[in-house]
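The values are calculated or read from the model by the stated rules, or taken from the named source; none is laboratory data. None of these values were measured; they are calculated from a predicted model. A quick note on method: Cβ atoms are made from the backbone with ideal geometry, for glycine too, and the neighbour counts reach across all protein chains shown.
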Amino acid sequence: MTYGIGFDGSNYGYAPVENSDMVFIPILDSAVIDNYAEIPTLSMIGDVRVIDLPNNRPFDQYPRNVAARALEYMKELDVADQMIIGPEYEFYLFDQVKYKADYYNMSAEIFTSQAAYASGEDDNNNGYQVLPGAGYHNTLPTDIRNDLRSRMCLSMKDWGVDVKYHHPEVGGSGQMEIEVELGDMLKLADDTMSAKYVIKNEAVLDGITATFMPKPLASEAGSGMHVHMLLFKDGKPVFYDKDGYAQLSREAHYFMGGLLSHARSLCAITNPSTNSYKRLVPGFEAPVTIGYAMSNRSAVIRIPAYAKSPESKRFELRNPDATCNPYYAYAAILMAGLDGIKNKIDPHAMGWGPYDFNLYTLSDEEKAKLTGLPTSLDEAICELEKDHDYLTAGGVFPERLLDQLIRRNRAAASKISKQPHPMEFAMYYDL
């Protein structure tokens, strides 16, 4: 508990082989009995430290330490003393998934018994199929995963995650959502790790599989991880002003301005997979336009109209997805917002809204006037290379960490771009 548990940092990519000893310091408040292990096992989150004399020091690239430092920086600026967030976990439940990515075989096959295409293929079919895009808030008996989601939520509660509600999402091929209560940013980052662990393991216990891939099915809605956010200072909400647009304060607008100003580079951290950009396309309720508005799901920032009390007045960033590291993502979101407050970036003056209309239905001429999110991971990485000073402010994101993230994500993008795709066979094989 004092000197930590030694481990090889080089195997995590944290340290070179020649100097790879690090220690893990358990955070006892996070301890929980892992009900997915057959042998009684205690699971907990910890701090990672670099071995030094006379005392070990926090490892500045460790995701949890980055998030903790972002919160310290917020307090140093005297902007707020608490960052409250609320992520929404969207995911798909499939009965079976098969995929191969060999040099001679590139394929993926997905089966889910609730989908409309399964009506004539599953011997256990009950006749209650869900059409594509028609899954939202289905009820029994069509909602065949209701009890499983309830078990997920009860188990999440055992892991210290406070659940708000659960329901089927839009995707008719098994898309689900579990939303959690608002809470402290660092705890919610911990909770995001726990929630994903619980959801995947509960699905396995039920004989199926869960995925947080942003776009596992081309013809169905993608899965995001919308993040609601608000700040408090001395127990009072920073984002509320009864006379402001959507009852948001000047600081809230500046915070949104920071998010929108850095939205393209943020994507490299909040949407760090090549699959992320197959979700960020028009027509599937995913945002593609850099802008803000009340109740508008086609803009990157949506202000929920139902959140009316001063203590709940907030907005949500709609582009992130759950392939991100939650500690890095939530910290980067906070840093972008703080940059907006420091530099008084007014989103309205910058021409980013409010967009109180459907951005998907604009003419091509009108769309050309708008700024969009990156359309690929490569594009997002290039934006991060150009725009990351807001992340390194206050020593929150070390330059070396950003260099590593850029290098690794670029290597992943390059690897996938060189791989032939089954759709290319369908389109070009006989040319």
Within segment 269-280, can one find any residue that is within 25 Å of residue 83 (Cα to Cα) and basic (Lys, Arg)? no
Exclusive hit being within 25 Å of the chain's Cα centre (by Cα) and over 29 Å from residue 317 (Cβ atoms), set 10, 113, 43: 43
Note down all Cβ pairs under 8 Å where the first residue falls in segment 28-42 and is surrounded by 14 or more Cβ atoms within 10 Å (Cβ to Cβ), the second is of a type outside the set (A, V, I, L, M, F, W, C) and part of a loop (DSSP other than H, G, I, E, B), and they're at least six residues apart or on different chains. 30/160; 32/160; 34/41
What is the one condition in (1) surrounded by 15 or more Cβ atoms within 10 Å (Cβ to Cβ); (2) of a type outside the set (S, T, N, Q); (3) at pLDDT below 85 that residue 127 does not satisfy? (1)
Hits in segment 381-431 - residues which are free of Cβ contacts under 8 Å to residues at least 24 places away in the same chain, aromatic (Phe, Trp, Tyr) and either closer than 30 Å to residue 71 by Cα or part of a helix (DSSP H, G or I) (or both): 425, 428
Some residue of segment 95-105 being within 30 Å of residue 416 (Cβ to Cβ), surrounded by 14 or more Cβ atoms within 10 Å (Cβ to Cβ) and at pLDDT below 90: no
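Of the residues 69, 57, 49, 64, which single one is under 25 Å from residue 394 (Cα atoms) and in contact with a Leu (Cβ under 8 Å, 6 or more places away or on another chain)?
Going through 69, 57, 49, 64 in turn, just one is under 25 Å from residue 394 (Cα atoms) and in contact with a Leu (Cβ under 8 Å, 6 or more places away or on another chain): 64.
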How many of the residues making up segment 43-59 are buried (at least 16 other Cβ atoms within 10 Å of the Cβ) and over 13 Å from residue 4 (Cβ atoms)? 1
